[in-house]
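Inspection log for the structure reproduced underneath, given as structure tokens.
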Amino acid sequence: MTDTTAHIDDHHAQPKGLARWLFTTNHKEIGTLYLVFSLAMFIVGGAMAMVIRAELFQPGLQLVNPEFFNQMTTMHALVMIFGAVMPAFVGLANWMIPMMVGAPDMALPRMNNWSFWILPFAFLILLSTLFMPSGAPASGWTLYPPLSLQGGNSFAFVIFAIHLMGISSIMGAINIIATILNMRAPGMTLLRMPLFVWTWLITAFLLIAVMPVLAGAVTMLLTDRFFDTSFFNAAGGGDPVMYQHIFWFFGHPEVYIMILPAFGIISEIIPTFSRKRLFGYTSMVYATASIAFLSFIVWAHHMFTVGMPLGASLFFMYATMVIAVPTGIKIFNWVSTMWRGSMTFETPMLFAIAFVILFTIGGLSGVMLAIVPADFQYHDTYFVVAHFHYVLVTGAVFAIMAAAYYWMPKWTGHMYDERLGKIHFWWSTISVNVLFFPQHYLGLAGMPRRIPDYSVQFAEFNLISSIGGFAFGLAQLLFVWIVIKCVRGGEKATAGVWEGAHGLEWTVPSPAPLHTFDTPPQVDDSVTAHKDQLA
Amino acid sequence: MKRTNEMIVGLAMVAVITVITWGVFAVGDNMTAGVTPFSRDVYQLHMIVLGIVTVIGILVFAAMFTSIYLHRKSRGAEAAKFTHSTRAEIIWTVIPILILVAMAIPATRVLIDMEDTSGAEMNIKVTGYQWLWQYEYLEDGISFYSALDRDSNAARQIGSDISPREVDNYLLEVDKRMVVPTNTRIRVLLTSGDVIHSWWVPDLGWKRDAIPGMVNEAWTLIEEPGVYRGQCAELCGKDHGFMPVVVEAVSPEDYRAWVAEQTGGQQTAEVGQPLDEMDRDTLMAHGEDIYDAHCAACHREDGSGMQPAFPALAGNAVVTGDVSQHIDVVVNGRPGTAMAAFGQRLEARDIAAALTYTRNAFGNETGDLVQPADVVPLIDAQLDERLVSADRAAN
């Protein structure tokens with residue numbers, strides 16, 4: 001126990017009400033802002049997914065015209081990626097990283113405030129395009145030219161919003177790196193850091209490396225669209241395929257930005273509920289770093305059908321297949337952590353186990369997609385849609401859910417309703433498979449993605465998928481209720497919360513006071529969650 | 001005792017998960033094996049890789065569920081202390097690498113075969129447009145457009161009371177099929193006139209993007225006569241879901257007969273020589289065909305358009321206004337919008353007829369007749385401009 005319990009947090013008069021949240025520089029409050037914002041965007045993006053699944057419920061066009069359907073698929077992706085998943089991880093980083101490394105706050109608290117408060121405005125701009133005469137972007141979240149350049153003037157707003165999101169992400173990443181490298185408590189050596197901190201450190205470097213690439217790509221779209229340049233216009237000597245190379249040089253590391261922190265979360269939760277130290281801590285760190293490195297040299301596996309030289313196709317196929325090795329190491333390590341543990345199955349553990357199984361399914365279909373000749377059939381079909389929803393929904397989103405249940409008692413000081421949590425888990429896990437598993441079949445049977453209507457041979461599995469979608473959407477409203485209920489009250493949580501939990505965040509009281517670790521704790525192997533040194 | 005338990009439960013888990021997996025595979029659809037040597041190679045590759053990843057999945061999940069079953073606190077399990085095992089870690093690094101190499105070898109072989117487009121007996125150039133395909137048979141001099149058929153198009157409109165189930169091959173039928181001979185090595189050249197499309201027929205085993213400013217190549221050799229259906233696979237705008245690909249493979253003799261029929265010149269007879277003046281009835285009749293095939297997807301068959309992106313032509317200021325401005329918009333398009341430049345895509349007589357039709361249909365009673373000769377100067381100017389800019393880009 002540190003001396004923080006005795007510490008009263010009113011150094012200065014705290015602003016109340018709205019001003020408290022607008023001007024806060026406290027990592028916990030900013031973390032809360034990020035998490036609430038992310039949950040709101042998850043609901044908005046989810047509502048768009050409901051429109052998509054409702055239109056695909058049966059063949060024929062019933063509800064929306066194709067143009068609006070395309071706006072929905074595009075906005076669903078942009079909102080979920082940049083509004084829900086990424087801010088959720090940044091929120092978790094804000095809350096947990098200073099507490100996990102024994103720092104009093106983030107290294108750059110004012111910038112922290114700014115990097116959050118850019119986001120609501122960015123999304124206000126992005127979502128406002130839905131109400132503009134030329135409509136929201138409808139060319140897919142990848143914004144491939146020339147199609148994206150056919151949009152109206154609202155396209156400028158989309159690009160501006162993406163720039164803002166990029167600025168926010170880069171500032172958040174700089175802050176995380178500065179915190180981890182400079183603010184660790186004495187004794188918290190790099191190889192004693194919890195894996196969540198490690199995965200975020202690596203993710204932050206990925207963000208700084210690739211967000212400017214995205215900014216460059218969309219700026220070229222902007223000048224092509226409004227200032228008559230021809231970066232991607234073949235008639236003016238430009239190259240539409242060049243955009244795809246630049247975009248995916250950002251886009252592939254981006255998918256790891258959305259999964260590496262999830263690996264970190266799962267590596268925290270499984271040891272806690274197995275009551276056993278994480279298996280292969282050091283190899284987990286190296287595997288994460290290898291995945292991050294490989295993410296820079298596999299981008300063109302998104303482009304096997306654009307027509308590349310044979311040598312390039314082979315290189316990107318082999319490089320992509322290699323990613324299976326470090327990813328496999330992680331999965332084997334998680335299973336080995338459970339092996340001969342003493343497991344209990346509270347909601348965070350249930351989500352973590354579901355993550356390992358369902359992410360593995362998504363990873364295995366990823367290996368299939370790496371095989372270039374087979375990708376000529378899989379590419380741009382529902383097989384791909386199924387693949388990336390397995391890694392992003394049952395991967396990233398399930399990890400975020402697991403993290404929310406795991407740390408919610410620490411944040412609120414109350415235990416969440418375990419019975420409702422289990423209902424949420426089983427309802428989500430069953431419905432998400434009803435939603436996405438049949439999409440593998442649809443893709444293999446030949447249904448392209450991003451179509452608002454389909455041939456009747458695809459009717460049955462689309463119907464099943466839509467039913468799963470509605471059920472999954474409804475389950476998340478239950479999650480919102482569980483969070484509200486936990487914030488408002490519930491069984492008092494102890495400092496340790498979970499029987500098997502290790503790590504500095506469990507040494508401070510629940511709820512964590514506004515200021516923790518004003519005096520740095522002394523760290524040794526007894527308080528860290530990972531002790532790999534003893535064989 | 002502990003190890004024996006783990007073995008027994010582990011084997012039981014393998015059995016249970018295998019049965020579940022078998023059930024999951026049995027209820028679903030699988031990839032087609034197709035009708036070309038390449039599509040069969042791809043299918044085999046798919047099945048090999050699917051088999052390997054399924055076995056890996058079953059083993060990992062079986063180990064996990066064994067642990068979940070045996071090593072739970074409620075059964076009195078006590079946590080072991082081990083945190084790593086160098087031997088295990090080496091094993092599960094090396095074995096996956098070997099498995100990946102085993103997958104990469106056949107994949108490389110099939111890919112090399114696909115990329116070799118030499119030895120083609122005929123060449124077909126496929127050009128994607130929003131939202132139809134153009135097929136040009138380079139040796140036989142045939143060229144035509146292929147768009148969604150009328151029945152599907154009527155049924156797919158929002159609020160249509162025609163059930164998709166009552167339409168044959170809903171969304172997978174075209175007005176004019178791409179006819180090819182069987183057992184002939186065909187090179188397909190792909191490009192686009194506007195945005196990126198992707199030409200895909202699952203039975204041929206591949207899809208390839210059609211990209212403006214680039215010509216992609218692929219090849220096929222269809223062994224079975226039949227009709228093979230596919231769709232555009234790259235998002236290309238509003239009607240991306242409504243530009244099917246239909247390939248009809250017939251015997252080489254039937255193909256020759258089809259070629260003779262196509263080059264019989266029926267179409268030219270209807271509207272005369274390319275630059276001849278046409279009378280009002282001919283212009284209107286031909287114009288309606290062109291309009292329905294190339295314009296109605298956005299501006300609707302009744303000229304009502306789709307607000308706000310696709311303006312109505314009925315009562316439209318340009319359509320009922322100055323003829324030369326109208327010709328300019330259709331020939332050169334409107335940059336920054338979905339209005340394409342039709343100057344290099346349609347013949348002068350087609351543009352003239354479509355212009356005449358829109359100026360006299362939907363209640364636009366301008367009485368104007370547009371003749372091919374009115375359109376030609378703008379098409380020529382556009383071509384000159386393109387050549388100059390291509391020249392500039394080349395230097």
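What the table shows:
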read-out	value
Matching residues, the stretch B:55-80, being farther than 20 Å from residue A:329 by Cα and within 8 Å of chain A (Cβ to nearest Cβ)	B:71, B:72, B:73, B:74, B:77, B:78, B:79, B:80
Which numbered condition residue B:72 misses (of (1) under 29 Å from the mean Cα position of the chain (by Cα); (2) more than 30 Å from residue B:108 (Cα to Cα))	(1)
Which listed residue is within 14 Å of chain A (Cβ to nearest Cβ) and farther than 28 Å from residue B:45 by Cβ, from B:179, B:174	B:174
Members of the stretch A:479-500 found to be β-branched (Val, Ile, Thr) and outside any helix (DSSP H, G or I), listed by number	A:494, A:497
The lone exception for residue A:156 - which of (1) among the small types (Gly, Ala, Ser); (2) surrounded by fewer than 18 Cβ atoms within 10 Å (Cβ to Cβ); (3) farther than 30 Å from residue A:267 by Cα; (4) more than 14 Å from chain B (Cβ to nearest Cβ) it fails	(4)
Among the residues listed as B:217, B:248, the single one being surrounded by fewer than 22 Cβ atoms within 10 Å (Cβ to Cβ), more than 9 Å from chain A (Cβ to nearest Cβ) and of a type in the set (D, E, K, R)	B:248
Qualifying position, being under 25 Å from residue A:385 (Cβ atoms), in contact (Cβ under 8 Å) with a residue 12 or more places away in the chain, surrounded by 21 or more Cβ atoms within 10 Å (Cβ to Cβ) and at the interface with chain B (Cβ under 10 Å from one of its Cβ atoms), among A:363, A:341	A:363
Qualifying residue in the stretch A:348-355 (condition: over 16 Å from residue B:96 (Cβ atoms), surrounded by fewer than 21 Cβ atoms within 10 Å (Cβ to Cβ) and either at the interface with another protein chain (Cβ under 9 Å from one of its Cβ atoms) or not β-branched (Val, Ile, Thr) (or both))	no
Answer from A:251, A:236 - the residue that is free of Cβ contacts under 8 Å to residues at least 24 places away in the same chain and on the phi < 0 side of the Ramachandran plot	A:236
Qualifying residue in the stretch A:18-31 (condition: out of contact with any Leu (no Cβ under 8 Å at 6 or more places or on another chain), away from chain B (no Cβ under 14 Å), surrounded by fewer than 20 Cβ atoms within 10 Å (Cβ to Cβ) and outside any helix (DSSP H, G or I))	yes
Selection count, the stretch B:280-322, where residues are under 15 Å from residue B:153 (Cα atoms) and part of a loop (DSSP other than H, G, I, E, B)	4
Cβ-Cβ under 6 Å pairs, at least 6 apart or on other chains, the stretch A:63-74 side more than 7 Å from chain B (Cβ to nearest Cβ), far side of a type outside the set (A, V, I, L, M, F, W, C) and part of a helix (DSSP H, G or I)	A:63/A:55; A:64/A:55; A:69/A:55
Tally, over the stretch B:329-366, of residues that are touching a residue at least 40 places away in the same chain (Cβ under 8 Å), in contact with a helix residue (DSSP H, G or I) (Cβ under 7 Å, 6 or more places away or on another chain) and either farther than 29 Å from residue B:135 by Cβ or not assigned by TED's automatic domain parsing to the domain that holds residue B:275 (or both)	4
Conditions (1) more than 19 Å from the chain's Cα centre (by Cα); (2) crowded, with 19+ Cβ neighbours inside 10 Å; (3) β-branched (Val, Ile, Thr); number of the one not met by residue A:432	(1)
In the stretch B:160-171, the residues that are at the interface with chain A (Cβ under 8 Å from one of its Cβ atoms) and in a loop (DSSP other than H, G, I, E, B)	B:160, B:163, B:169, B:170, B:171
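For (1) closer than 27 Å to residue A:205 by Cα; (2) surrounded by 24 or more Cβ atoms within 10 Å (Cβ to Cβ); (3) more than 8 Å from chain B (Cβ to nearest Cβ); (4) touching a Phe, Trp or Tyr at 6+ places or on another chain (Cβ under 6 Å), each residue gets a yes or a no:
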| site | (1), (2), (3), (4) |
| --- | --- |
| A:268 | yes, yes, yes, yes |
| A:290 | yes, no, yes, no |
| A:300 | yes, no, yes, yes |
| A:312 | yes, no, yes, no |
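The values are calculated or read from the model by the stated rules, or taken from the named source; none is laboratory data. Keep in mind the model is a prediction, meaning the values are calculated, not measured. Cβ: placed from backbone, ideal geometry, glycine included. Neighbour counts: every protein chain shown.
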